[in-house]
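These notes concern the structure reproduced below.
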Amino acid sequence: MYFVHQSGVPMKRILRFLTLSFCLTTLVVAQQSTLTVQKIMQDQATWIGDWPSRPYWSEDGETAYFNWNPMGEFPSDSLYKVARTGGEPIKVSPEERRSQNPTFSGWHHGEHVYDDRFERKVYEQDGDLFIYNRTDRDRLRLTKTNERESNPRFSMDGSAIIFRRGNNLFRLALSTGALTQLTDFHSGSEPSDSSETKLDDQNTFLKEQQTELFRIIRDRMEQADLRKEAQEREQAAQKRPPTYYYGRKSLRRIQIDPTERFVTFTLAASPDRTKGTKSVTYVTETGYAEVEDWRSKVGTEPAASALHIHDLKRDTTYQVDLLALPGSYDVPEYLRDQGVEVDSSETKRTLFPSGVVWSNDGRYAVIEVTAADHKDRWLARLDLETGGLTVLDRQHDEAWIGGPGLGRFSANTRRFIPNTSKYSFQSEETGYSHLYTVDVETGDIAQLTKGDFEVFSPQLSRDARTWTFTSSEISPFVRHFYRMPVDGGQRTRLTTMEGNNGVALNPDESTMALSYSYTNRPPEVYLQRPQEEPSRITHSPTEEWLSYDWRVPEIIHFEASDGVIVPAHVFEPENPNGAAVIFVHGAGYLQNVHHWWSGYSREYMFNNMLTDLGYHVMNVDYRASAGYGRDWRTAIYRHMGGRDLQDQVDASRYLGAKYGIDPERVALYGGSYGGFITLMALFTEPEHFGAGAALRSVTDWAHYNHGYTSNILNTPATDSLAYARSSPINFAEGLEDPLLMPHGMMDSNVHFQDIVRLTQVLIELGKENWELAVYPIERHGFSEPDSWTDEYRRILKLIEENVGPDRFRK
């Protein structure tokens, strides 16, 4: 029979609850951990030990440098060095740091940072220009000015340095020191000639009368004309650059081709500053609240850019017609579904040109153009004399263009192979980001890497015969460094340690400086010759931190409700307490299931403590996470809180099937995007969870920034459905389980206004089982240990009281 209590709850459930409560109350002994929230959240440098970062090489390749603050003994990181042969790291003195020669950051093929023989390097330091002689290992200062010089490069014959000062380009002859201005850009409008001012009929009569009556006026006018002609002849004889007035727009990406004939630049309208957001800071030195101006909201698109070519030889300037690119008027599928047709007034797309990439001899020029709606990326050969474009490759994605080495972050990938007509780039054409070349003469495209893995940060060797790059070829959970012939072929793995091998290769390519980490060990600096045994240089963790046996959680895979196999970390307790916690990583496009040190170090330690206390802890690389290719990345297109949330629901189901954990005893927590998922879980899938902590969470995507959100949801004005079904604030009515919402009042990423708006909705709905925790001096990422401690004490309390053993003692 099926009895129902007068409250409406089935009697069977009540009896089961009472029986379970009795058993746990009488039998469960509170488990202990040597970890505490206060210990975990204290200053990381003194507790864990400050780990080193950003290793790089000296230009001569004899010394590796890195930033480090061992044992947190200094207020901030200091610069350390170690010889390429190894040994103890040495702190670099301030004097040596100030006089340091340039650092090696790759060969910059096609950029003329080095001369043709790689004997000299030109570089900028603190706004001045220097040349470093790689043979003599000395440097020569070229400028010492109050103005900033930047973007230096050698002329094609190596006799001069081309650089930017202000909004103009200059040429410095190395043999004579002669400085030549190559461009003359000015903001504003060209001054009008008062003598050519248009006159009305009356004033025209008076001027003609005066000229006819007085010889002195006629003589002065003739002399003025002669002076103007003489000035024009003098300017032409001295080859001064023609003046170009660019109005009130923003002048960007000023470049000159290797032949020094063509100058390219972009002009963009000034952004609308009236649509920015504001924040109020209440804890100030003055005692008065202070207001800060912050970013605009999604839907405020960046101003369109126009690419111009300035031909110095012909003294003419012309605009490149980006809309001549095939597909530039295409209508995205989501708009076609709304009835928008091609060639309507609504189909004009905003396009953004990149800077121009030239071959080292200046024969070829290529630009990358991206659409403001993020659905197209064109690579096109640019005819500098006509401004015409020839498409070399078009990548189209009805979701959005992205992935390693793509979009507006692909400058390091795009380059010519020296002394060839081949241009390199990355594409997700196969579903994973791989390395390609296209011959700009023939249009032939070659795929250099293939497989279900991704390629990161490819670099050409000095002789341009080989590539080096990082990839996930062995597994999505590790990163190794490889070498490959320039035209593709067999890849040779150079690193040997399982985990994340961040590599800086020294100039002669014989030694690697590694920033290496594993799941339970922060990054350390190693030196390693390719395929040989690495030598550890730094030892960062404190003895106190090492005294705890930090776990390496198992990487498991579970089947989601749509049949896709999803990876996850599982922390398994020795003495399970029958409850579980799911940690939801932030950013969306971020990977957190892997064999290296997590960017969530505090959360990793907190998860260890929860495991000590008997909780199963799960960390899922849900759909939208990085590291798994295009389809994984775009699975949330037009519906955040759809497939990504279902992966958390399926994780809860997995915990039930594998460990017998009741969904009401599963809590979840996460920050930023993880906070958003937590809200959506409690508002729309409450039957699968028992409590949640949503930290610095996005509550309404229509109030987040443009660059991130418009990728995934388009814009609120064009795709209101996507925003409506993706924003937790619209589903707050569904809240049933306890909810904690910590948020920094100075958060410049996910604004405090976000959580205030949701709070008001919860009040108006009459919801009771929620808490807002406010942190007046914190931004998106907390900085103060006191704030971290308070926040995670509240999270622990939420978990213990609502899904842990304490729930049965209430």
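The values are calculated or read from the model by the stated rules, or taken from the named source; none is laboratory data. This is a predicted model, so every value here is computed, not measured. Reconstructed Cβ throughout: ideal geometry from the backbone, glycine too, with neighbour counts over all protein chains shown. Accessible surface areas use protein heavy atoms only, side chains included; no ligands, DNA or RNA. Shrake-Rupley method; radii C 1.70, N 1.55, O 1.52, S 1.80 Å.
For the chain, what is the accessible area per residue in Å² when the probe is 1.4 Å?
Numbers: 37820 Å² over 810 residues.
Per residue, the chain has an accessible area of 47 Å².
What does the net charge come to around Gly766 if you take all other residues with beta carbon closer than 14 Å to its beta carbon, with K and R at +1 and D and E at -1?
Numbers: positive: Lys767; negative: Glu733, Glu736, Glu764, Glu768.
Net charge around Gly766: -3.
Scoring 363-375, 483-495, 643-655 by mean Cβ neighbours within 10 Å over their residues and listing the highest first yields 643-655, 363-375, 483-495. Here the sum of -39500 (n - 2.57) over DSSP H runs of 4 or more residues, divided by the residues of the chain, equals -6000 deg cm²/dmol at 222 nm, to the nearest 500.
Remark: region 577-584, residue by residue, has Karplus-estimated 3J(HN,Hα) of 9, x, 10, 9, 10, 10, 8, 10 Hz, where x stands for each Gly or Pro and the curve is 6.51 cos²θ - 1.76 cosθ + 1.60 at θ = phi - 60°. Viscosity 0.692 mPa s, temperature 37 °C: Stokes-Einstein D of the chain from its Kirkwood Cα radius, in µm² per second? Once the numbers are plugged in, D ends up at 107 µm²/s. Listed peptides 765-773, 352-360 appear in the order 352-360, 765-773 once ranked by packing, highest mean of other Cβ atoms within 10 Å at the front. Relative to the longest principal axis of the chain, what angle (0 to 90°, nearest 10) does the C-alpha long axis of helix 11-27 take? Taking the Cα atoms of the chain, the angle to 11-27 is about 90 degrees.
Suppose a student asked you for the relative contact order of the chain, using Cα pairs under 8 Å spaced at least 6 residues apart; what percent would you report? It would help to have the intermediate numbers written out before the result.
Values: 1707 pairs, mean separation 79.6, N = 810.
This gives 10 percent for the chain.
Ligands, DNA and RNA left out, the 1.4 Å accessible surface of the chain is 48% carbon and sulfur atoms.
On C-alpha positions alone, give me the angle between the axis of helix 643-659 and the longest principal axis of the chain, in degrees, nearest 10. The angle comes out at about 30 degrees.
Quick one: order Ile48, Ile474 from most to least accessible surface, probe 1.4 Å. Don't skip to the answer; put the middle values down first.
Values: Ile48 0, Ile474 95 Å².
The residues order as Ile474, Ile48, largest area first.
If I model a spin label as a point 7 Å beyond the Cα along the Cα-Cβ vector, how far apart are those points for Asp157 and His539 in nm? Placing both labels 7 Å beyond Cα along the Cβ direction yields 5.9 nm. Taking the charge dipole of region 587-650 about its Cα centre, with +1 at Lys and Arg Cβ atoms and -1 at Asp and Glu Cβ atoms, the residue from Met640, Tyr622, Tyr604 reaching farthest to the positive side is Met640. Nearest 0.05, what FRET efficiency do Asp549 and Asp452 give at R0 = 45 Å with Cβ-Cβ as r? Once rounded, the FRET efficiency stands at 0.80.
Distance from the Cα centroid of region 461-479 to that of region 432-452 is 15 Å (rounded to whole angstrom).
When only the Cβ of Lys, Arg, Asp and Glu is charged (+1, +1, -1, -1), the dipole of the chain relative to its Cα centre reaches about 620 debye.
Relative to the longest principal axis of the chain, what angle (0 to 90°, nearest 10) does the C-alpha long axis of helix 673-684 take? Between helix and principal axis, roughly 50 degrees.
Using the Cβ-Cβ distance between Arg141 and Met221 with R0 = 56 Å, the FRET efficiency computed as 1/(1 + (r/R0)^6) comes to roughly 0.65.
Going down the list Lys121/Lys450; Lys198/Lys249; Lys297/Lys348; Lys278/Lys797, which pairs span over 29 Å between their C-alpha atoms?
Numbers: Lys121/Lys450 35 Å; Lys198/Lys249 27 Å; Lys297/Lys348 22 Å; Lys278/Lys797 33 Å.
Too far apart for the 29 Å limit: Lys121/Lys450; Lys278/Lys797.
Comparing Cα centroids, region 681-730 and region 103-165 end up 48 angstrom apart. Overall form of region 711-789: oblate. Here a/c, set by the Cα gyration tensor axes a ≥ b ≥ c, is 1.5 or more, and a/b is not larger than b/c.
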